[in-house]
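The values are calculated or read from the model by the stated rules, or taken from the named source; none is laboratory data. Please read these numbers as outputs of a predicted model, since none were measured by experiment. All Cβ positions, even for glycine, are placed from backbone atoms using ideal geometry, and neighbour counts span all protein chains on display. Surface accessibility is based on the protein's heavy atoms, side chains included, excluding ligands, DNA and RNA. Shrake-Rupley method; radii C 1.70, N 1.55, O 1.52, S 1.80 Å.
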Amino acid sequence: MQDELRDHLITEEPYYQPTADEVELYEAAYSVRMPMMLKGPTGCGKTRFVEHMAWKLGKPLITVACNEDMTASDLVGRYLLDADGTRWQDGPLTRAARHGAICYLDEIVEARQDTTVVIHPLTDNRRVLPLEKKGEMVEAHPDFQVVISYNPGYQSLMKDLKESTKQRFGALDFNYPDHETEARIVAHEGGINEDMAGKLVSVAERARNLKGHGLDEGISTRMLVYAASLIANGVAPLAACRMALVRPITDDPDMRDALDSAVTTFF
Ligand SMILES: Nc1ncnc2c1ncn2[C@@H]1O[C@H](COP(=O)(O)OP(=O)(O)OP(=O)(O)O)[C@@H](O)[C@H]1O
Ligand SMILES: [Mg+2]
């Protein structure tokens, strides 16, 4: 790893509670530099997992939050005008490839397909990145790996990865952990005891059962951590649950009632 990426090294262990054999599988994938795709609902631990793995492998991590306005130049780089004329500036993907980082493209389906295809030559056996404007062919550093994430729930015909993109990746499914594991996570992250955290998880489990029956998405682990942090700061559990769990996910009065009553069942 070179000096350019020193700022991207994660020096303190990001807390990550494994839910199955994802740590071992990811290590195996990294050892052959297989591009990886992390699939799962919002707030279930995908980002935390990549941060943890980058730390564990001792590799720098460059994260790019993808959106539909993003262009290939935003990833690859562009010429900038400065006092001395024009100067090439590597984009995040080029920096990662050149110097050997894990490049994490978060919510990749948000990017347009003509942007996404720039990763193709880096994610097959060529492992190169052509910088057309600069006339340079960057050979990927041996440590370089691409990781992408997406939420299959948001998938639509308009917003999906090309088959030729998908088939360049290995994939790991992420989901909300089992009850005990999730309670441990919420207790740790939110600073409350596991008994209280378990009750929050039970509320979330009720809401997750309503997904597709009036709710687009269940209550995520992230939301539970928010609720837990409020409780740890002295907010009454009922109020904390309403504010952090129920109000954000639905405006429907009946659904709010149903979720509020789930909250009162446990608190
Ligand atoms: N397995 C886990 N170990 C430790 N913390 C976790 C785990 N799963 C979830 N969390 C907690 O949940 C929070 C949200 O997780 P994270 O940001 O990784 O979600 P995500 O899957 O990347 O969501 P999004 O798709 O919205 O980006 C984390 O900040 C962390 O507190
Ligand atoms: Mg994320």
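Of these, ALA244, ALA240, ALA262, ALA236, which one is among the aliphatic types (A, V, I, L, M) and open to solvent by 40 Å² or more (accessible area, probe 1.4 Å)? Going through ALA244, ALA240, ALA262, ALA236 in turn, the sole match is ALA236. Highlighted here would be helices (runs of 4 or more DSSP H) found entirely within region 150-222 that include at least 3 residues which are at positive phi and open to solvent by 80 Å² or more (accessible area, probe 1.4 Å), but there are none. At least 1 residues being surrounded by fewer than 20 Cβ atoms within 10 Å (Cβ to Cβ) and within 16 Å of ligand 2 (Cβ to nearest atom) is the threshold, and among the strands (runs of 3 or more DSSP E) wholly inside region 28-121 those reaching it are 36-39, 61-65, 102-106.
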